[in-house]
1. Across the range 67-93, what is the number of residues that are part of a helix (DSSP H, G or I) and surrounded by 13 or more Cβ atoms within 10 Å (Cβ to Cβ)?
2. All but one of (1) surrounded by 12 or more Cβ atoms within 10 Å (Cβ to Cβ); (2) more than 10 Å from the chain's Cα centre (by Cα); (3) not in a loop (DSSP other than H, G, I, E, B) hold for residue 64, so report the exception by its number.
3. If residue 33 passes every condition in (1) farther than 25 Å from residue 76 by Cα; (2) under 18 Å from the mean Cα position of the chain (by Cα); (3) modelled with pLDDT of 75 or more but one, which one does it miss?
4. Return the residues of the range 33-56 that are part of a helix (DSSP H, G or I) and in contact with a Ser or Thr (Cβ under 9 Å, 6 or more places away or on another chain); say none if nothing qualifies.
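The values are calculated or read from the model by the stated rules, or taken from the named source; none is laboratory data. Every value quoted in this text rests on a predicted model; they were computed, and no experiment measured them. Cβ: placed from backbone, ideal geometry, glycine included. Neighbour counts: every protein chain shown.
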Amino acid sequence: EAHCQYRRDEVFGDSETGSEGMENGRIPEVTLNSGFKMPLIDLGTAVVPVPPPEVVYRAVLDAMEAGFRHFDSAAVYGSEKPIGKAIKDAFEQ
């Protein structure tokens, strides 16, 4: 069965437990049944009307610089090229 659970304090922090959530600039993650980690917060890339590729590219590049590593995308959005280029460029910097 594939599912994941997270505690509210893992995302938003909890002063009683000392959990910092996102306040420390880190995107909280959950460990999946496979052992891989997945960020709990993603950047959605579906927008109507579809923005120009350079706008998508800049948004993803800015998100990468802010710590995002999870991008919600689908072929129907038509944004694969600028998203891929932004991710590639971010890792080359």
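1. The total comes to 10.
2. The one condition residue 64 does not meet is (2).
3. (2)
4. 53, 56
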